[in-house]
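**Q** To start, I am sharing the structure in question, which I have written as structure tokens.
Each reported figure results from applying straightforward, stated rules to the coordinates on display, with no laboratory input. Predicted, not measured: the structure shown is a model, and the values here were computed from it. So basically every Cβ, Gly included, is an ideal-geometry build from the backbone, and we count neighbours across all protein chains shown.
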Amino acid sequence: MGKNVNKLSARKVASINKAGLYGDGMGLWLKVTKSGTKSWIFRYTQNKKTVDLGLGSIITVSLPEAREKALEYRQALQSGLNPKRIKQQAELKQKQENNGLISFEQCAHQYIAIHKDGWKNAKHAQQWTNTLKTYAFPIIGGLPVKDIDTALIMQVLSPIWTSKNETAGRIRGRIENILAWAAVHGYRSADNPAQWRGHLENLLAKPSKIKTVKHHTALPYSDMYEFIKALRAHHSTSAKALEFLILTATRTSEITGAQWEEIDLNQKVWTIPVERMKAGNEHRIPLSSRAVTIINEMVSIRQSDFVFAGGRIGKGLSNSAMDKLLQVTLGYDCTVHGFRSTFRDWSAECTNYPRDLCEMALAHTIKNKAEAAYRRGDMIEKRHKLAEDWLKFMEAPTPSGNVISIRKTVG
């Protein structure tokens, strides 16, 4: 062993009383204060900055232990890592383990931060965050990750397993990965309540079976660019109405009953009165630039009080007109109502807009009465931006990938 290494001994450490720094070698120092307190520090230089990293008091950390810690930090330094950050992370982990308070949401954010650089698409991190924020965090986000069990996983998945099985499947897989990561780091036991094989497959319907159930089948948002191109090739009232429905994320009845007096082109707002809304509340809808264009096109052929006039004089478009265009003329195996789910999936997985804002765009009722009492505005300006982003997304080509068309197979 060289003369510049292991220069201190346990006896020498105990005998030193004069304040100062006493080197053991390789960055390890004994620090003695004027009051006689003795502690270990690891001194290193990184990015031209000298740092003294505390290793603990000699009362709790022996000389061999101090040397072992110093060696660990020297090795980290040689690997280009930051010893101070490593120490902080270790202390945080220890504190969380001791308290048992590290939450599922904290684990999720750490998992995403660690893995995002290895994902092929930079948008995956945002999609992970958005889907978890929308569906998982409201139920299990704030709970200690060690307490997440099968019953809680079922609370997350059950409400959407049938209606949004593709999204629910992704969420289940993401939760499973996060819980596995937490187990490896010692934050919870190794059992994984989000595991499909041998566990959740016994509690939830198989995805292959669910796909045969018709429940407002939605077009995947990845197909919207090609769909909008196909839709705009048709110039009928039904085509204009369907595109307007998609742009505004509204229901069929709200479109077929839309009247000119509800449209304010100066403010670019469509106001649906109370009596025509499912929830019984007036609903203001921001109009994107394309929605305004459609309205102007309909003005030029105005026939009655209805924005989208039907074949009968003084009547609006029939309820089946848009479905017929979608399923028969265009040949898509989905429903008009499903476009609301398409919009919701896109806003959750591809944007950072708050969940409440997206729910408001769909005119969904707030179930929490206390929260509803405090909400006064309808965030119309922010929803204007959301509407424009929805339009921009649909008009931009989707990056190539393994996209499966939902068009019907022609026999």
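**Q** Determine the shape class of the stretch 181-329: with a ≥ b ≥ c the square roots of the Cα gyration tensor eigenvalues, call it rounded for a/c under 1.5, and otherwise prolate if a/b is greater than b/c, oblate otherwise.
**A** On the way: a/c = 2.66, a/b = 2.19, b/c = 1.22.
The shape class here is prolate.
**Q** Taking the Cα centre of the chain as origin and charging only Cβ (+1 Lys, Arg; -1 Asp, Glu), how large is the dipole, in debye to the nearest 20?
**A** Computed about the Cα centre, the dipole is about 1800 debye.
**Q** Which residues' amide hydrogens lie under 5 Å from the amide hydrogen of residue 103, considering only partners 5 or more residues apart or on another chain, with H built in the peptide plane?
**A** 145
**Q** With a cut-off of 8 Å between alpha carbons and a minimum separation of six or more residues, what is the relative contact order of the stretch 104-210 in percent?
**A** Working: 84 pairs, mean separation 28.8, N = 107.
Once normalised by length, the contact order is 27 percent.
**Q** I need the calculated FRET efficiency for the pair residue 395 and residue 180, taking r as the beta carbon distance and R₀ as 41 Å, to the nearest 0.05. Could the numbers behind the result be given before it?
**A** Details: r = 39 Å, r/R0 = 0.96.
With a Förster radius of 41 Å, E is 0.55.
**Q** Order by neighbour count: 346, 390, 260, fewest other Cβ atoms within 10 Å first, most last. Provide the component values of the computation, followed by the final result.
**A** Numbers: 346 21, 390 26, 260 13.
Ascending Cβ contact count within 10 Å gives the list 260, 346, 390.
**Q** Taking the Cα centroid of the stretch 105-184 and of the stretch 24-62, what is the distance between the two, rounded to the nearest whole Å?
**A** 41
**Q** Of the cross-linked pairs 164/206; 229/385; 123/392; 49/87; 12/48, which ones have a Cα-Cα span greater than 24 Å in the structure shown? Before the final figure, lay out the partial values.
**A** Details: 164/206 13 Å; 229/385 22 Å; 123/392 16 Å; 49/87 17 Å; 12/48 32 Å.
Beyond 24 Å: 12/48.
**Q** Further question: How many percent of all Cα-Cα pairs in the stretch 10-97 sit more than 19 Å apart?
**A** Numbers: 1537 of 3828 pairs.
That fraction is 40 percent.
**Q** Quick check: net charge around residue 126, other residues with Cβ under 15 Å of its Cβ, Lys/Arg +1 and Asp/Glu -1?
**A** Neighbour charge sum, excluding residue 126 itself: +3.
**Q** Using the Cα gyration tensor of the stretch 1-147, with a ≥ b ≥ c the square roots of its eigenvalues, what is the shape: rounded (a/c below 1.5), prolate (a/b larger than b/c) or oblate (neither)?
**A** Numbers: a/c = 3.74, a/b = 2.18, b/c = 1.71.
The shape class here is prolate.
**Q** Taking square-rooted eigenvalues a ≥ b ≥ c of the alpha carbon gyration tensor, is the stretch 104-210 rounded, prolate or oblate, where a/c under 1.5 means rounded and, failing that, a/b exceeding b/c means prolate?
**A** Working: a/c = 1.62, a/b = 1.19, b/c = 1.37.
Oblate.
**Q** Right, here's the next one. To make sure I understand the rule: partners must be aspartates and glutamates, Cα under 14 Å from the Cα of residue 7, and not fewer than 8 residues away in the same chain. Which ones qualify?
**A** Here the aspartates and glutamates satisfying the reach criterion relative to residue 7 are 24.
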